[in-house]
Amino acid sequence: KSKMGGPDRTSISVVKTFLLIGLLQLGTAQEILRLTCKTAKTGNDYFVLCLELIDSGPQRIAQSNKNDIGELGKLVKQINDDPTFTATGFLNNGNAGTLVPRNGQTNYRIDQQVASNVLGNIQFQHNGETKASCQIQYRPQQPVPQVYAATSLADHFSASQVKGMVQNGLDYSSDRHRVRQPPLNMVPGTELRWRALQLNRNACKRDKRVEVKRAVRVQYGHNILTMQFVDIRGSGHRQIKIIYDTSFV
């Protein structure tokens, strides 16, 4: 009698390889929502510093209604309009607590959820419910050039840049149209982070701006310079922004 043969070892190995690749892709596929890059020179070396806002994946965040969205807008405006609220303001001097409002009302609020000097876990809260989330990584992403290893996001990006990105992050996370994984109705959180890309010194001697674009494509994909990012509540600029300093003229 003939017996039905099972898959050979080669077939099993191929299947395992494809499953592993699929899992790696799922684990690393994070949609870029906004991207701002700026050039910098240190000694004889040139760099591109990039501030990126990403979709950090589904989280257990309560859906926001129209009234919630209106209240979020009011709170974000308090932060944006406050000249004393710097790029490190979201760290709340290393303490967990409410950032706004500052009048003692806590029905609607924006909180820093953790006590940290390097991580912001910024949440829009309504009573006991989280309605939107944006984490902020103040340390650079790996790999990092040694000259930037001990520096912070706030050393390189302005308060208005950071506040604008956090606003986009909270607006994106609170959008009820982005609800995922029914019936759990999980909503995406966001993360703001930064990285330093070292440029090729010889390539910079030929054409600095060409080298900047090459480095950005290598990091973010070939179409990053023309990509249209997702609309976030009419926030305007939806393409990568590259700011060149005077050494790149």
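Kindly provide the set of residues from segment 209-232 that are part of a loop (DSSP other than H, G, I, E, B) and out of contact with any Phe, Trp or Tyr (no Cβ under 8 Å at 6 or more places or on another chain), ordered by number. Answer for segment 209-232, where residues must be part of a loop (DSSP other than H, G, I, E, B) and out of contact with any Phe, Trp or Tyr (no Cβ under 8 Å at 6 or more places or on another chain): Gly221, His222, Asn223, Ile224, Leu225, Thr226, Met227, Gln228, Phe229, Asp231. Scanning segment 223-243 turns up one or more residues that are closer than 20 Å to Gly57 by Cα and among the aromatic types (Phe, Trp, Tyr). Between Val100, Val76, Val162, Val144, the distinction of being modelled with pLDDT of 95 or more, of a type in the set (Val, Ile, Thr) and more than 21 Å from the chain's Cα centre (by Cα) belongs to Val100 only. Annotation for segment 154-176: no member residue is over 30 Å from Asp82 (Cβ atoms) and not β-branched (Val, Ile, Thr).
Residues in segment 240-248: is at least one touching a Lys or Arg at 6+ places or on another chain (Cβ under 8 Å), modelled with pLDDT under 95 and among the small types (Gly, Ala, Ser)? Checking segment 240-248: at least one residue is touching a Lys or Arg at 6+ places or on another chain (Cβ under 8 Å), modelled with pLDDT under 95 and among the small types (Gly, Ala, Ser). The residue pairs whose first member lies in segment 109-123 and is in contact (Cβ under 8 Å) with a residue 12 or more places away in the chain and over 21 Å from Ser174 (Cα atoms), whose second member is among the hydrophobic types (A, V, I, L, M, F, W, C) and open to solvent by 50 Å² or more (accessible area, probe 1.4 Å), and whose beta carbons are closer than 7 Å, counting only pairs six or more residues apart or on different chains, are Ala115/Ala96.
Just so you know, in segment 209-225 the residues that are more than 12 Å from Phe47 (Cα to Cα) and under 19 Å from the mean Cα position of the chain (by Cα) include one that is least open to solvent (accessible area, probe 1.4 Å), and it is Ile224. Out of curiosity, is Asn107 open to solvent by 40 Å² or more (accessible area, probe 1.4 Å), under 22 Å from Lys74 (Cβ atoms), among the polar types (S, T, N, Q) and in contact with a strand residue (DSSP E or B) (Cβ under 9 Å, 6 or more places away or on another chain)? For Asn107, the condition - open to solvent by 40 Å² or more (accessible area, probe 1.4 Å), under 22 Å from Lys74 (Cβ atoms), among the polar types (S, T, N, Q) and in contact with a strand residue (DSSP E or B) (Cβ under 9 Å, 6 or more places away or on another chain) - is met. Gly189 falls short on exactly one of the conditions (1) at pLDDT below 95; (2) assigned to a loop (DSSP other than H, G, I, E, B), and that condition is (2).
The values are calculated or read from the model by the stated rules, or taken from the named source; none is laboratory data. Quantities reported herein were computed from a predicted structural model and do not represent experimental measurements. All Cβ positions, glycine included, derive from the backbone under ideal geometry; neighbour counts span all protein chains shown. When the accessible area is computed, the model is the full protein with side chains, heavy atoms only, and any ligands, DNA or RNA have been set aside. Shrake-Rupley method; radii C 1.70, N 1.55, O 1.52, S 1.80 Å.
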